[in-house]
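Below is one structure, written out as structure tokens, with a few remarks after it.
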Amino acid sequence: MSAFLQSTEELIDAAAVVARMPQGVLARLKRPDHVWEFEIPVRMDDGTEKKFFGWRVQHNNTLGPYKGGIRFHPDANLDEVKALASLMTWKTSLAGLPYGGGKGGVAVDPRALSPRELEELSRGYARAVAPHIGPHIDIPAPDVGTNAAIIDWMVDEYAKIIGHPEPAAFTGKSIEKSGSQGREVATGFGGYVILREYLKNEFQTKSGMDTTPYSVAVQGFGNVGAHIARILFEKGFKVVAISDSKGALYDKDGIDIQKVLDIKERTGLIDRGICYSMGPSQEPCKVFTNKELLELGADILIPAALEDQITEENAANIQAKVILEMANGPIARSADDMLERRGIEVIPDILANSGGVVGSYFEWVQSLEQKYWSEEEVLAKIDAKLTEAFAAVNEEKKKYGASWRMACYVRAFTRVANALQAK
Ligand code: GLU
């Protein structure tokens, strides 16, 4: 079993002890309901045929249809998809959504495929998963390495299979293909809402805590990392470090995120030769590795890339006061305990990045009812849902004297376990 899957199971065990859940319920909630495995053939541009492995794991549907993204990544594997599917069950429960948890994955580097190959793979995945999904069965969405264009191909393929359009069977669609305003920024926006509520809460309860400007380091500049970096920059936080797969950039006076985004839009990359400093410096940012970014002296660290970034090896070097987990599973279980002992607070993934699936829920409602809400309306709804989720977790935290992660798990787990027992 992979370390990530083991961590996920250990967390459920620990939450069950705190919540005093019977063993039978616990066993049921550790096992996924269904595991689907596919081999997807793709005719490559050079004329050869290549087979890609893909999965859909349906973890639990006690509270509603399975819900969760599809990841395209070279390291994707069944254990990872199982762990991520389980995280989705807890995430949707915690957010109070009428959903269970699922996840999909394909072991592929999407950047190494041509647009035609990528389309064929996406359609192939949709054909493989089609018998198992539907607007009231399992509703896939984007995740790492997938986007609205990929989801649109899947929606189109699914419509061909079932003989009519069914946009509510997927979320994360493009606006043109009846997606929702605000869905793309939803995960980053949700992270900001949770951080805002956390800081408000800390400021009210702990004396002597300054409000601004907090310095922030963001690892990852994909859909999640880029949006949260931009939103925090716009809200007046000092974003001192960002990174993409090529490495990290740092400036002690803060990085002009809007400038980074404008240049990325024009050239397709984060140009390392340009000065992005918010201070007097005329120099390009200092360059670090992705690993070094985690250890920089920013107040708030935001891992927004992949799992297992903070482990026993580097947990002792983390200098941040707060970690907002925007990636799924970026902190290994053993590292989590070390951080807790050092007094570093961790706002866990199932709360911090739940804005994405909350945004998906509002997209699903609009698709089912053929409604269209403005971005302002969607973001206001996400804000209200997450503010409520944060307050509920905070109550749980006080009640059990637990870490944020444990408070989240106990709440999420209790909701699912009670519904399961009631059934
Ligand atoms: N992939 C996102 C997540 O991990 C969103 C899932 C969804 O919208 O269903 O939460």
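The values are calculated or read from the model by the stated rules, or taken from the named source; none is laboratory data. All values reported here derive from a predicted model rather than from experimental measurement. Cβ: placed from backbone, ideal geometry, glycine included. Neighbour counts: every protein chain shown. We work out accessible area using only protein heavy atoms, side chains counted, and drop any ligands, DNA or RNA first. Shrake-Rupley method; radii C 1.70, N 1.55, O 1.52, S 1.80 Å.
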*Among residues belonging to segment 341-357 that are of a type outside the set (A, V, I, L, M, F, W, C) and within 22 Å of residue 94 (Cα to Cα), point out the one that is surrounded by the fewest Cβ atoms within 10 Å (Cβ to Cβ).*
345
*Among 263, 231, which is the only one that is assigned to a helix (DSSP H, G or I), touching a Gly at 6+ places or on another chain (Cβ under 6 Å) and surrounded by fewer than 23 Cβ atoms within 10 Å (Cβ to Cβ)?*
231
*Scan segment 20-62 for residues that are closer than 30 Å to residue 411 by Cα, open to solvent by 40 Å² or more (accessible area, probe 1.4 Å) and out of contact with any Asp or Glu (no Cβ under 7 Å at 6 or more places or on another chain) and report the count.*
11
*For segment 10-58, which residues satisfy the criterion of being acidic (Asp, Glu), assigned to a helix (DSSP H, G or I) and touching a residue at least 24 places away in the same chain (Cβ under 8 Å)?*
10
*asked:* Just to be sure I understand, how many residues within segment 405-415 are open to solvent by less than 10 Å² (accessible area, probe 1.4 Å) and either among the aromatic types (Phe, Trp, Tyr) or out of contact with any Leu (no Cβ under 6 Å at 6 or more places or on another chain) (or both)?
replied: 4
*Considering only residues that are within 13 Å of the ligand (Cβ to nearest atom) and surrounded by 23 or more Cβ atoms within 10 Å (Cβ to Cβ), look in segment 96-119 and name the one that is nearest to residue 50 (Cα to Cα).*
105
*Considering each residue of segment 247-260, count those that are part of a strand (DSSP E or B) and more than 23 Å from the chain's Cα centre (by Cα), and give that number.*
2
*With segment 301-392 as the region, which helices (runs of 4 or more DSSP H) entirely inside it contain at least 3 residues that are farther than 30 Å from residue 178 by Cα?*
333-341
*Could you check, for segment 195-203, whether at least one of its residues is polar (S, T, N, Q) and either more than 22 Å from the chain's Cα centre (by Cα) or closer than 20 Å to residue 298 by Cβ (or both)?*
yes
*asked:* Please count how many residues of segment 393-404 are in contact with a Pro (Cβ under 9 Å, 6 or more places away or on another chain) and assigned to a loop (DSSP other than H, G, I, E, B).
replied: 1
*Matching residues in segment 266-296 - criterion: being in contact (Cβ under 8 Å) with a residue 40 or more places away in the chain and open to solvent by 20 Å² or more (accessible area, probe 1.4 Å)*: 278, 287, 288, 289, 290, 292, 296
*In segment 124-147, what count of residues is obtained for those that are within 11 Å of the ligand (Cβ to nearest atom) and open to solvent by less than 10 Å² (accessible area, probe 1.4 Å)?*
4
*asked:* Tell me yes or no: at least one residue of segment 44-62 is within 16 Å of the ligand (Cβ to nearest atom), within 16 Å of residue 420 (Cα to Cα) and touching a Leu at 6+ places or on another chain (Cβ under 7 Å).
replied: yes
*Considering 35, 17, 81, which residue is in contact with a helix residue (DSSP H, G or I) (Cβ under 8 Å, 6 or more places away or on another chain) and among the hydrophobic types (A, V, I, L, M, F, W, C)?*
35
*Can you tell me which residue among 360, 334 is within 16 Å of the ligand (Cβ to nearest atom), among the polar types (S, T, N, Q) and over 21 Å from residue 237 (Cβ atoms)?*
360
